[in-house]
Amino acid sequence: MVSKLFLSLLTFAFVSGAQAFTGDATFYHPQAGGQAGACGSHNKDSELVVALNPTQYAKGAHCFNHISVHYKGKSVDAKVVDLCPGCGDGSIDLSPAAFKKLAPESVGRLHGVKWNFK
C-alpha cells in the first residue's frame, strides 16, 4: 500500500515537472544592449524574468515557461526568457525586479536558492 502511494506521488512529481533545483542566483539586465534574449523576446529590468543555465535551458525547451524561485522564506515567479551561459547547473540569472523580491541587489549572489518549473 505504501509503495503504491509512493509510486503514485513519484509519477505525479515527474509528470508535473516538480523537480526542484538548487544553485546560486545572480541578476542581469535583460534590456542591456537592446538585443533579444535567447528565447527571442525583448524584456525590461522591471519584468519578472529569468535566464537559465545551459542544462536546464535545454536548447530553449523551457522558453516562456514559468519557474518558482525560493530563498530564505521569500519567493518569486519568473518567466524563462534567456540563457545564462556562465551559470552552473541549478543556477539562474534573474532580472533586477525578480532578484529584489528575494534580496537587495547589494547582496549580489544568493547561495542555496531553490527553484522548480511550474
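The values are calculated or read from the model by the stated rules, or taken from the named source; none is laboratory data. This one's a predicted model, so the numbers in the text were calculated from it and none came from an experiment. Here Cβ is always computed from backbone atoms with ideal geometry, including for glycine, and neighbour counts include all displayed protein chains. Surface accessibility is based on the protein's heavy atoms, side chains included, excluding ligands, DNA and RNA. Shrake-Rupley method; radii C 1.70, N 1.55, O 1.52, S 1.80 Å.
Protection proxy ranking for 39-51, 89-101, using the average of other Cβ atoms within 10 Å per residue and placing the highest first: 89-101, 39-51. Once both labels are positioned 7 Å from their Cα atoms along Cα-to-Cβ, the gap between residue 105 and residue 32 label points is 1.1 nm. Between residue 19 and residue 114, the simple label model (points 7 Å from Cα in the Cβ direction) yields a spacing of 1.7 nm. Residues of region 61-97 with an amide N closer than 17 Å to a point placed 7 Å from the Cα of residue 46 along the Cα-to-Cβ direction: 95-97. Shape call for region 64-106 from the C-alpha gyration tensor, a ≥ b ≥ c root eigenvalues: rounded (a/c under 1.5), prolate (a/b greater than b/c) or oblate? Prolate shape, in that a/c is at least 1.5 and a/b is the bigger ratio.
Protein-only accessible surface at a 1.4 angstrom probe places the residues 62, 29 in the order 29, 62, largest first.
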